[in-house]
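The values are calculated or read from the model by the stated rules, or taken from the named source; none is laboratory data. No experiment lies behind these values; they were computed from the predicted model shown. As a convention, Cβ positions derive from the backbone with ideal geometry for all residues, glycine included, and neighbour counts pool all protein chains shown.
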Protein chains: 2
Amino acid sequence: MSDSFSVKSNIRDYYHVQFLDDLQGQLSALGEQENVIFIIDKNVHALFPEVFAIIKNSRLVLIDPSEKFKTIDYSQEIIRELINVQVRKNDILVAMGGGITQDIVAFISSILFRGVEWRFFPTTLLAQCDSCIGSKSSINFDQFKNLLGTFNPPSEIFIYLGFLTTLSESEIRSGIGEMLHYFFTKGIDQAQEIADNFDKLLVDRSMLKPFISESLRIKKEIIEKDEFDTSIRHIFNYGHTFGHAIEALTDYKIPHGQAISIGMDLANYISFTRGMITIEQFDEMHSILKRNIPPFNLTKDNINQYFLALSKDKKNKGVLLGCILTSGAGKVEKIFLNLDDSLKSVMLSYSDTYLVK
Amino acid sequence: MSDSFSVKSNIRDYYHVQFLDDLQGQLSALGEQENVIFIIDKNVHALFPEVFAIIKNSRLVLIDPSEKFKTIDYSQEIIRELINVQVRKNDILVAMGGGITQDIVAFISSILFRGVEWRFFPTTLLAQCDSCIGSKSSINFDQFKNLLGTFNPPSEIFIYLGFLTTLSESEIRSGIGEMLHYFFTKGIDQAQEIADNFDKLLVDRSMLKPFISESLRIKKEIIEKDEFDTSIRHIFNYGHTFGHAIEALTDYKIPHGQAISIGMDLANYISFTRGMITIEQFDEMHSILKRNIPPFNLTKDNINQYFLALSKDKKNKGVLLGCILTSGAGKVEKIFLNLDDSLKSVMLSYSDTYLVK
C-alpha cells in the first residue's frame, strides 16, 4: 500500500488517508484556513509545544480524552467550547488524538448543524492502525459502554509516525494486539513477523509503519463492502467478544489490544475443542499471541461474572453468544455458542493451561 | 399524487408515505411485532384511548412534546425509558405525534446503536403536510434553537387524517401557512384555492387532504434533488428567515406557520421595493396571505431586536442576510440583503401599511 489511499464510503463517497512526513507543514496549511477549528487531546498538545506554536493563532479547543468523558454530557461541553470560538456550519473540525478524541469529535461532527466536516490526525497506534478508518463513533451512556454513536468518517486522515515515540510500551502492545487481529483474519505470515520482531517493534516505532499500512489495507477491503457492519465486517469481532468481556471484568485495566490478544487465543482454544483446528494450529498461533498476553486468569471465582459480561454482548442472538471462531489462520467464521457449563469448563481449562498464573 | 408514494433518499434508498384509512388495523399489525417499540405523544395517547387499547400489551414510551424538551437531556431521558423496555439494535421505533416528537425520535434513532429503524405517524397538520418527509431532525442546545440534529428519515410514514379533528384552529392555521409556502414556490392557483376555501378548511378537516398531498409532492420533488439542503432546497426558506425571527421576537407565541405567512408577505414586500414584482403582484399574494396573518407589528420599539434575531440566522454570509425573495408567484430566488437602515425603513413601512394594528 502506498503512502496514501482512499476508502470508499456510503457517507462521503471517498475519504483519504495519507502518511505524513511534514506534520508542521500540514498543520500550518490548515491553520491558515479561517474555517478550521482544531480539537486536540490536551496531553498531545502539551507534549509537542514547538509543533503547536505554528497554530497558536488558530481557533483551538483542548479535549480531555479519558474513557469517563466519552459521554453525551462531555460532548455537550465541547460543543459549548466550539460555540465560544464561533463555530459555523461551514467550519472544518480538525481532531488530533487517540480513539476517544476520535469518538467525541466524530460524534459532535455528526450532530452539530446536522453534520460538519471533520479531519483526523490519529496519535496512538490503535487509532493509526485501526479506528481511524471504518466510520464508527462510540459514546458511553450511563453504565452502557458504546451504546450510542454514529457512522461518520473524517474527510481526511493524516498519519504521522512521530507521535508513536511518545507512547508507553503498553499503548504499543495494545496497538499490536489490534494489528495481530487483522493479520489473523488473512493468514499467519504477518502475525509471525510481528512476533519475530516483537522486542524491536516496542523500541523502534518507525518499524511499525508497514504493519500499520497492512492493517489498514485489510480493514479497508472489508469496510468498503460492509461499512455499516451488518454482515462480513462481523469477522473483525474476532477476539473482541471475549476481549470486551475481559475488559469489563477487569474494569478496563487491561489495555484493549491486549485484552483482544487473550480473546483471540481463547477463541482459538474453543475452536480447537470444537474440532475446527488441531492443537498444532492452536499452538502455532498461541506462540505468537502469548508475546502480547498480559497477566490474567479465569478462575472459579470470576468465571460467572465473566459469563455475565459475555451475555450482555450486543451481537448475541437471544441467549446465544455470537462470536468469531477460527478454522485456521486466515479462516474466521461466525458461530453462536451456548453459554453453558461445558463452555465454562473449556474456558477454565484454557486459562489453567495457557495463561500465566 | 396517489394515496401512497416513495421518496428517494441518500440515507435509505427510498422511504414510503401512505395515507391511512384504517389506523387501528395498522397499529394492530405493528403491535404484534416483537421488535416494535411505540413512542407516542402523551397528549395524543390520552385523546384516543380506544385506539391505543389495541396496543396495550406492546412496549410503549410516552413523550412530552414541548419545545423546552427538544433537548439532548430530554432525549437521554427517553433513551433511558427505551432501555427500560429492553431496546435492542434490531428494534423499530414507531413514533406518533407532531414535529417535536418527530425531532426527538429521529434524533434518538440516529444515535442509538449507531442508528435504528424508525417509522412515523404524524398527528399535526404541520407534520403531515411538511416535516414528515425531508429527513431533518432538529434539537435545541442551550439558547440556540435547532443547533443540533441529523438527517434521518423514517422508513415508513403513515398519514391518518382523523388526527386532524383534534387540532385547534391555530394548529390548522399553522399548517396552512406551511402549505401556502410550498404552493407559492410553484405558482398562485393552489394558494388561491386555500384562500377561497379558508373558512371551510378550518372546520371540515377532511377537505385538507388534497392540499397535504400537493404540499408533499412539491417538497418531494426538491428534497429528492437536494436532501442535505446544500443548494436548491434553500428555496423552502421562503418566508422562513423572516418568520423564524418573528417567532424569536415573540417568544414563539405566534405559531410557526402563521409566522412564516407574515414572513412571506414581508419577503414579497421587500421584493416589490427592489423592483422584482409589481405592487399588483404583491397585492394579489397579500390578499391570500392576509387570511392567515395574526396580529403582529414591527415598530420602532422592536425593529432593532428583530434585526438582531435576523442577524443570527444560520444561512447568513458574514453580515449579509441570506433570504428567499420572489419575482412573482412560482419564482423564488436567493438574495443576500444588507441589514441596514434602509431595510429597516422598508420593514416598518410594510408593517404600517399591511399589518393589522
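Just one of (1) outside any loop (DSSP other than H, G, I, E, B); (2) surrounded by fewer than 23 Cβ atoms within 10 Å (Cβ to Cβ) fails for A:Gly134. It is (1). Restricting the stretch A:303-317 to residues that are away from chain B (no Cβ under 13 Å) and not β-branched (Val, Ile, Thr), which is surrounded by the fewest Cβ atoms within 10 Å (Cβ to Cβ)? In this case the residue turns out to be A:Asn304.
Filtered by the rule that a residue be surrounded by fewer than 22 Cβ atoms within 10 Å (Cβ to Cβ) and hydrophobic (A, V, I, L, M, F, W, C), the stretch B:179-193 gives a lone residue, B:Ile188. The listed residues are A:Ile111, A:Ile104, A:Ile100, and the only one of them that is of a type in the set (A, V, I, L, M), touching a helix residue (DSSP H, G or I) at 6+ places or on another chain (Cβ under 8 Å) and more than 14 Å from chain B (Cβ to nearest Cβ) turns out to be A:Ile100.
Please go through the stretch B:91-122 and pick out each residue that is assigned to a strand (DSSP E or B) and either among the hydroxyl-bearing types (Ser, Thr, Tyr) or farther than 23 Å from A:Ile139 by Cβ (or both). Before the answer, list the steps.
Step one: list which residues in the stretch B:91-122 are assigned to a strand (DSSP E or B), which gives B:92-97, B:112, B:117-122.
Selection gives B:Val94, B:Met96, B:Gly97, B:Arg119, B:Phe120, B:Phe121, B:Pro122.
Here B:Glu67, B:Glu171, B:Glu81 are screened, and the one residue that is out of contact with any Cys (no Cβ under 7 Å at 6 or more places or on another chain), in contact (Cβ under 8 Å) with a residue 60 or more places away in the chain and more than 27 Å from A:Phe113 (Cβ to Cβ) is B:Glu171.
Residue-level check: of (1) assigned to a loop (DSSP other than H, G, I, E, B); (2) within 30 Å of B:Val116 (Cα to Cα), A:Lys186 misses just (2). Consider the stretch A:312-357 and keep the residues that are within 17 Å of A:Phe296 (Cβ to Cβ) and not in a helix (DSSP H, G or I). The one that is modelled with the highest pLDDT is A:Leu355. Scanning the stretch A:144-154 for residues that are surrounded by 23 or more Cβ atoms within 10 Å (Cβ to Cβ) and more than 10 Å from chain B (Cβ to nearest Cβ) yields A:Pro153, A:Pro154. With a requirement of 1 or more residues that are surrounded by 12 or more Cβ atoms within 10 Å (Cβ to Cβ), assigned by TED's automatic domain parsing to the domain that holds A:Ser110 and among the hydroxyl-bearing types (Ser, Thr, Tyr), the helices (runs of 4 or more DSSP H) lying completely within the stretch A:1-83 that satisfy it span A:23-31. Note on the stretch B:57-76: residues that are within 12 Å of chain A (Cβ to nearest Cβ) and under 26 Å from A:Asp313 (Cβ atoms) total 2.
Which residue, of B:Ile176, B:Ile172, B:Ile157, is closer than 13 Å to B:Cys132 by Cβ, crowded, with 19+ Cβ neighbours inside 10 Å and either within 14 Å of chain A (Cβ to nearest Cβ) or of a type outside the set (S, T, N, Q) (or both)? Lay out the reasoning, then the answer.
Numbers: B:Ile176 fails: closer than 13 Å to B:Cys132 by Cβ; B:Ile172 fails: closer than 13 Å to B:Cys132 by Cβ.
Answer to the check: B:Ile157.
Which of the residues spanning the stretch A:84-99 are within 28 Å of B:Asn146 (Cβ to Cβ) and surrounded by 21 or more Cβ atoms within 10 Å (Cβ to Cβ)? Listed by number, the residues that qualify are A:Val87, A:Asp91, A:Leu93, A:Val94, A:Ala95.
Where residues in the stretch A:77-89 are at the interface with another protein chain (Cβ under 8 Å from one of its Cβ atoms) and among the hydrophobic types (A, V, I, L, M, F, W, C), which of them is farthest from A:Ile104 (Cα to Cα)? The selected residue is A:Ile83.
Please find, among B:Asn146, B:Asn152, B:Asn140, B:Asn90, the residue that is over 26 Å from B:Pro255 (Cβ atoms) and either of a type outside the set (A, V, I, L, M, F, W, C) or touching a Ser or Thr at 6+ places or on another chain (Cβ under 6 Å) (or both). Reasoning before the result, please.
Values: B:Asn146 fails: over 26 Å from B:Pro255 (Cβ atoms); B:Asn152 fails: over 26 Å from B:Pro255 (Cβ atoms); B:Asn140 fails: over 26 Å from B:Pro255 (Cβ atoms).
Only one candidate passes the filter, namely B:Asn90.
What about A:Glu214, is it in contact (Cβ under 8 Å) with a residue 40 or more places away in the chain, within 14 Å of chain B (Cβ to nearest Cβ) and of a type outside the set (A, V, I, L, M, F, W, C)? Judged against the criteria, A:Glu214 is not a match.
The set of residues in the stretch A:123-143 that are touching a residue at least 40 places away in the same chain (Cβ under 8 Å) and more than 11 Å from chain B (Cβ to nearest Cβ) comprises A:Thr123, A:Thr124, A:Leu125, A:Leu126, A:Gln128, A:Cys129, A:Asp130, A:Cys132, A:Ile133, A:Gly134, A:Asn140.
Only one of the numbered conditions (1) within 14 Å of another protein chain (Cβ to nearest Cβ); (2) over 16 Å from A:Val105 (Cα atoms); (3) out of contact with any strand residue (DSSP E or B) (no Cβ under 9 Å at 6 or more places or on another chain) is violated by A:Phe48, and that is (1). When the test is whether a residue is crowded, with 18+ Cβ neighbours inside 10 Å, in a strand (DSSP E or B) and modelled with pLDDT of 95 or more, B:Phe163 does not pass it. Taken together, the criteria exclude B:Ala267 from residues that are in contact (Cβ under 8 Å) with a residue 60 or more places away in the chain and among the small types (Gly, Ala, Ser). Filtering A:Thr326, A:Thr353 for residues that are β-branched (Val, Ile, Thr), without any contact (Cβ under 8 Å) to a residue 60 or more places away in the chain and under 30 Å from A:Lys186 (Cβ atoms) leaves a single hit, A:Thr353.
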